[in-house]
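Quick notes on the structure that follows.
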Amino acid sequence: MPQSQAMLSPHADVVLDEKVKRHTISILVQNKFGAFNRIAGMFAAKGYNIDSLTVGPTEDETVSRMTIVARGDDQIIEQITKQLNKLIDIVKVIDLTFESFVDRELVLVKVHSTTETRPEIMQIAEIFRAKVVDISPRTLTLEATGSQQKVDAIIKMLKPFAIKEMARTGRVALKREFQGEV
Amino acid sequence: MARHAHAEEGSHGGTGRLMTGAEIFVRSLVAEKVEVLFGYPGGATIGVYDALRDISDITHVLTRHEQGATHAAEGYAKATGKPGVVLATSGPGATNTVTGIADAFMDSIPLVVFTGQVPLRLIGNDAFQEADIVGITRPITKHNYLVRDVRELARTIKEAFYIATSGRPGPVLVDLPKDVMAQKTHFDYPESVALRSYAPVLEGNSRQIRKAAELINSARRPVLYVGGGTILSNGAEELTALARKLRCPVTTTLHGLGAFPENDPLAMGMLGMHGTWYSNMAVNFCDVLIAVGARFDDRVTGNVDAFAAEAKKIHIDVDPAAISKNVKVDVPIVGDVKRVLTALAELVSPIDTADWLRTIDAWKEEHPLRYRNGDEIRAQYVMQKLGEITGGDAIVVTDVGQHQMWAAQFFNFTHPRTHITSGGLGTMGFSLPAAMGAVFGRRDLPVVSISGDGGFQMNSQEMATIVQHKLPVKIFVINNGFLGMVRQWQELFWRRRYSQVALANPDFVRLAEAYGCPGTRVTRTGDVESAIRSAMAHTGGPCFVEFVVAAEDNVYPMIPAGQTVNEMIDTPDPASETEQANGSIETVHKGKARKVSTHAAVPGNA
């Protein structure tokens with residue numbers, strides 16, 4: 001998560017404290033010309049912070065799901081959901097923060113490796129159930145999925161080996177359907 | 001772009017021959033009962049303009065600038081409640097509509113703006129007169145469209161009108177590529193709209209309405225804070241009935257003026273930065289604030305933390321996003337104002353507000369609206385006299401600045417849709433074209449355009465349109481030689497360091513005459529009344545009056561931006577010697593019957 005975003009916000013005087021929370025907002029939006037632009041533009045125009053934004057198709061081909069991780073106090077988050085609901089192309093807005101949900105991120109990490117460090121890196125990959133998706137004499141590229149914390153953790157473990165390049169998706173999330181006893 | 005030979009076979013209920021997009025466009029407007037279209041032709045709309053020639057049901061008004069067209073459409077919409085419709089060409093034609101669209105967006109005015117666009121294959125090509133108007137207007141429209149196929153055209157137009165006029169109204173833009181308008185298909189105008197993701201809530205939640213009623217019934221010092229949403233929902237009558245039933249004092253926002261008659265004893269006039277002293281005091285000390293179709297704008301609230309801090313707040317608004325946006329409220333009710341007020345009225349009983357009203361009356365006596373009158377004309381006097389002479393039976397279209405506030409304070413509005421102004425965006429240059437649009441919608445009342453010398457020059461080109469159509473607009477320019485409101489701020493808050501606020505003006509009367517409009521200049525207070533009377537009696541077209549007024553007068557009361565009633569500046573003490581030397585003190589009390597001018601009132605224009 002970029003640390004600088006709070007500084008960019010017009011709400012910069014709002015310190016990231018217990019009032020400011022991170023919310024995962026799931027949006028179903030009709031696949032219409034300019035719809036994504038409208039959503040992204042709303043966040044920019046109102047000065048709301050986005051930590052990540054992902055979008056992809058759903059089971060209904062006329063609708064996409066957008067998952068936005070946004071930060072703010074209760075009032076800002078309430079305004080965000082209201083403003084989203086106001087957009088004509090948006091079918092549904094759910095703040096998953098109030099629900100039980102599963103969420104995943106995916107990261108591709110290209111890390112420097114030598115014959116000496118390669119086994120150690122692969123061991124880390126194994127612990128995180130990451131896959132090696134590319135290899136060269138001087139690099140290894142790993143693919144890892146999991147919660148934000150897990151993805152943060154593997155990145156932290158790989159850092160000492162020098163990360164050459166990295167591509168990370170934002171969060172995708174779905175509400176949990178059934179809460180059975182464990 | 002797909003050719004659609006198949007569209008010819010696939011006639012699904014479409015009637016008759018194939019039509020071009022341009023023909024479908026004009027027929028769709030007829031189906032929407034559009035009476036007047038404000039526009040300006042160009043290369044990208046030439047086909048549409050050709051099709052317009054064959055339709056006699058629609059009057060096309062050729063404005064002299066596309067900004068004038070959008071403001072005219074706004075004036076028409078505000079005066080009638082019907083959507084205003086604009087047609088501009090691509091590129092600069094489209095970008096010229098932007099200010100009017102932004103204005104309509106801020107003030108929730110239903111507009112449908114059609115813009116020409118370069119052919120689909122050229123979009124993105126930096127083609128001649130190309131602008132991404134859909135991208136440009138995305139944040140200032142309620143919704144917008146680029147029509148990519150002629151078969152989508154009729155349905156898109158239907159949706160555009162529906163979205164513009166329903167829920168919280170607003171502007172909708174439809175971009176029309178030139179080749180799409182030349183394509184042919186069957187015309188089949190949809191009868192209804194089904195939008196999967198748009199369904200404004202109109203009926204208020206009955207539990208919330210009950211809660212509001214309980215709160216109101218327990219109030220001792222209630223205040224109704226009434227905004228433009230009340231007029232937009234045609235709920236002025238219900239509002240007035242509720243206020244009288246409750247015996248609840250009423251203050252209105254700038255856009256709420258006219259929703260409640262200001263000669264009713266319960267009226268307190270406008271609140272906020274330049275509101276009356278007593279309405280701001282009443283809001284400060286009330287125990288229940290009933291916000292009706294208002295949005296807690298910063299010009300109303302000042303410092304939001306101190307705004308009606310002691311009061312429980314009820315907020316009725318059709319837009320859920322307007323609720324608790326600026327000020328947290330206790331009982332929100334999402335719904336159409338008219339419907340909610342009707343339901344609410346049945347659940348409330350009269351409140352014993354006698355003490356409360358006495359307190360307010362004492363404030364009214366102590367701190368009326370007032371100004372110093374003398375030989376030099378005061379703009380306040382012009383507004384007051386206009387109110388007296390017309391008896392409130394006029395549509396007053398103001399611009400932005402000092403004269404706008406003085407009109408709001410001194411005219412004494414008594415009917416909904418008689419006050420039209422640019423509130424949210426504060427667009428100088430609004431009045432003249434908006435008044436022109438209002439005339440096309442309303443011939444039952446005289447229409448008066450009031451601008452300052454600065455704002456008038458921002459759209460004065462529409463004088464030509466007004467003269468061409470012989471529109472009976474009474475055009476008043478309040479000339480103080482300054483950008484008065486900015487000058488006032490520089491005087492009060494910037495140590496009187498005037499920066500770029502003095503105007504070197506043309507001879508306005510000769511300018512009006514050059515356009516073919518009779519003009520008069522008034523320079524003495526004694527001539528104001530007769531000048532207004534002859535303007536109101538003028539027939540056969542527009543007339544122009546320039547009032548040369550005091551150069552450095554200020555609008556009071558004033559709560560400086562972001563502050564509270566504790567910082568409210570009242571009119572400087574009229575009892576001080578220097579002030580007395582300047583002439584008599586005129587005072588205006590809201591909530592009293594209008595002073596009637598000595599001569600019999602002139603009936604509205606012919």
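Does B:ILE109 qualify as being aliphatic (A, V, I, L, M) and within 12 Å of chain A (Cβ to nearest Cβ)? Explain how you work it out, then say what you get.
Values: aliphatic (A, V, I, L, M): yes; within 12 Å of chain A (Cβ to nearest Cβ): no.
The answer is no for B:ILE109.
Right, A:ILE154: in contact with a strand residue (DSSP E or B) (Cβ under 6 Å, 6 or more places away or on another chain), of a type in the set (Val, Ile, Thr), farther than 30 Å from B:ASP319 by Cβ and assigned to a helix (DSSP H, G or I) or not?
Values: in contact with a strand residue (DSSP E or B) (Cβ under 6 Å, 6 or more places away or on another chain): yes; of a type in the set (Val, Ile, Thr): yes; farther than 30 Å from B:ASP319 by Cβ: yes; assigned to a helix (DSSP H, G or I): yes.
So A:ILE154 fits the description; yes.
Restricting to segment B:318-349, what's the tally of residues that are in a loop (DSSP other than H, G, I, E, B), away from chain A (no Cβ under 14 Å) and within 17 Å of B:VAL288 (Cβ to Cβ)?
Result for segment B:318-349: 4.
Looking at A:THR145, is it in a strand (DSSP E or B), of a type in the set (S, T, N, Q) and more than 30 Å from B:THR141 (Cβ to Cβ)?
So A:THR145 passes the test.
Please find, within segment B:275-290, the residue that is surrounded by the fewest Cβ atoms within 10 Å (Cβ to Cβ) out of those that are under 24 Å from B:ALA593 (Cβ atoms) and not aromatic (Phe, Trp, Tyr).
The first filter runs over segment B:275-290 and keeps only residues under 24 Å from B:ALA593 (Cβ atoms), leaving B:275-282.
When the remaining residues are screened for being not aromatic (Phe, Trp, Tyr), the result is B:275-276, B:279-282.
On the way: B:GLY275: 29, B:THR276: 26, B:SER279: 26, B:ASN280: 27, B:MET281: 21, B:ALA282: 28.
Ranking the qualifying residues of segment B:275-290, first place goes to B:MET281.
Checking the conditions here, which among B:PHE105, B:PHE128 is under 26 Å from B:ALA259 (Cα atoms) and of a type in the set (Phe, Trp, Tyr)?
Numbers: B:PHE128 fails: under 26 Å from B:ALA259 (Cα atoms).
The match here is B:PHE105.
Hand me the list of strands (runs of 3 or more DSSP E) wholly inside segment A:88-142 holding 3 or more residues that are touching a Ser or Thr at 6+ places or on another chain (Cβ under 9 Å) and closer than 28 Å to A:MET66 by Cβ.
Once the strands (runs of 3 or more DSSP E) in segment A:88-142 are filtered for at least 3 residues that are touching a Ser or Thr at 6+ places or on another chain (Cβ under 9 Å) and closer than 28 Å to A:MET66 by Cβ, what remains is A:90-95, A:101-112.
From the set of residues in segment B:397-437 that are farther than 21 Å from B:PRO261 by Cα and hydrophobic (A, V, I, L, M, F, W, C), which is surrounded by the fewest Cβ atoms within 10 Å (Cβ to Cβ)?
Among them, the one singled out is B:LEU425.
Quick one: count up the residues across segment B:417-448 that are part of a loop (DSSP other than H, G, I, E, B) and not acidic (Asp, Glu). Before you say what the answer is, go through the steps one by one.
Applying the first criterion (part of a loop (DSSP other than H, G, I, E, B)) to segment B:417-448 yields B:417-418, B:421-430, B:442-446.
Right, trim to not acidic (Asp, Glu) and you get B:417-418, B:421-430, B:442-443, B:445-446.
The qualifying residues number 16.
Report yes if A:GLN75 is touching a residue at least 12 places away in the same chain (Cβ under 8 Å) and of a type outside the set (Lys, Arg), otherwise no.
Against the criterion (touching a residue at least 12 places away in the same chain (Cβ under 8 Å) and of a type outside the set (Lys, Arg)), A:GLN75 does not qualify.
Can you name the number of the only condition in (1) within 26 Å of B:ASP319 (Cβ to Cβ); (2) more than 13 Å from chain B (Cβ to nearest Cβ) that A:PHE101 fails?
Unmet for A:PHE101, out of (1) within 26 Å of B:ASP319 (Cβ to Cβ); (2) more than 13 Å from chain B (Cβ to nearest Cβ): (1).
Looking at (1) surrounded by fewer than 19 Cβ atoms within 10 Å (Cβ to Cβ); (2) under 30 Å from B:PRO139 (Cβ atoms); (3) over 22 Å from the mean Cα position of the chain (by Cα), can you tell me which one B:ASN234 breaks?
(3)
Results for (1) more than 10 Å from chain A (Cβ to nearest Cβ); (2) surrounded by 23 or more Cβ atoms within 10 Å (Cβ to Cβ); (3) farther than 30 Å from B:PRO350 by Cα, shown as yes or no for each residue.
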residue	(1), (2), (3)
B:ILE136	yes, no, yes
B:LEU153	yes, yes, yes
B:GLY167	no, no, yes
B:THR185	yes, no, yes
B:SER192	yes, no, yes
B:TYR198	no, no, yes
B:SER206	yes, no, no
B:ALA212	yes, yes, no
B:LEU215	yes, no, no
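Cβ-Cβ distance below 9 Å, separation of 6 or more or different chains: which pairs start in segment B:41-52 with a residue that is outside any helix (DSSP H, G or I) and end on one that is among the polar types (S, T, N, Q)?
Close Cβ pairs (under 9 Å, with a partner that is among the polar types (S, T, N, Q)) amount to B:PRO41/B:THR89; B:GLY42/B:THR89; B:GLY42/B:SER90; B:GLY42/B:GLN129.
Does B:SER460 satisfy being touching a Leu at 6+ places or on another chain (Cβ under 7 Å), under 29 Å from B:GLY235 (Cα atoms) and among the small types (Gly, Ala, Ser)?
For B:SER460, the condition - touching a Leu at 6+ places or on another chain (Cβ under 7 Å), under 29 Å from B:GLY235 (Cα atoms) and among the small types (Gly, Ala, Ser) - is not met.
Looking at B:LEU432, B:LEU511, B:LEU425, B:LEU492, can you tell me which residue is among the hydrophobic types (A, V, I, L, M, F, W, C), modelled with pLDDT under 95 and outside the structural domain of B:GLU35 (by TED's automatic domain parsing)?
Working: B:LEU432 fails: modelled with pLDDT under 95; B:LEU511 fails: modelled with pLDDT under 95; B:LEU425 fails: modelled with pLDDT under 95.
Being among the hydrophobic types (A, V, I, L, M, F, W, C), modelled with pLDDT under 95 and outside the structural domain of B:GLU35 (by TED's automatic domain parsing) holds for just one of B:LEU432, B:LEU511, B:LEU425, B:LEU492, which is B:LEU492.
Given (1) under 19 Å from the mean Cα position of the chain (by Cα); (2) not in a loop (DSSP other than H, G, I, E, B), where does B:VAL467 come up short, assuming only one miss?
(1)
When the residues of segment B:53-98 are filtered to those that are outside any helix (DSSP H, G or I) and of a type in the set (Gly, Ala, Ser), which remaining residue is surrounded by the most Cβ atoms within 10 Å (Cβ to Cβ)?
B:GLY84
Across segment B:111-127, which residue is surrounded by the most Cβ atoms within 10 Å (Cβ to Cβ) among those that are over 24 Å from the mean Cα position of the chain (by Cα) and in a strand (DSSP E or B)? Quick ask: steps written out before the conclusion?
In the first step, residues of segment B:111-127 are kept if they are over 24 Å from the mean Cα position of the chain (by Cα); the result is B:116-127.
Those still in the list that are in a strand (DSSP E or B) too: B:116-117.
Numbers: B:GLY116: 27, B:GLN117: 30.
The extreme case among them is B:GLN117.
So is B:ARG210 under 30 Å from B:VAL283 (Cβ atoms), in contact with a Lys or Arg (Cβ under 9 Å, 6 or more places away or on another chain) and either outside the structural domain of B:PRO249 (by TED's automatic domain parsing) or of a type in the set (Lys, Arg) (or both) or not?
The answer is no for B:ARG210.
Please verify whether B:GLU546 is under 21 Å from B:ARG370 (Cβ atoms), touching a residue at least 12 places away in the same chain (Cβ under 8 Å) and acidic (Asp, Glu), treating the condition exactly as stated.
Details: under 21 Å from B:ARG370 (Cβ atoms): no; touching a residue at least 12 places away in the same chain (Cβ under 8 Å): yes; acidic (Asp, Glu): yes.
When the stated conditions are applied, B:GLU546 does not pass them.
The values are calculated or read from the model by the stated rules, or taken from the named source; none is laboratory data. Keep in mind it's a predicted model, so treat the numbers as computed, not measured. When we count neighbours, we look across all protein chains shown, and the Cβ atoms used for this are built from the backbone with ideal geometry, even at glycine.
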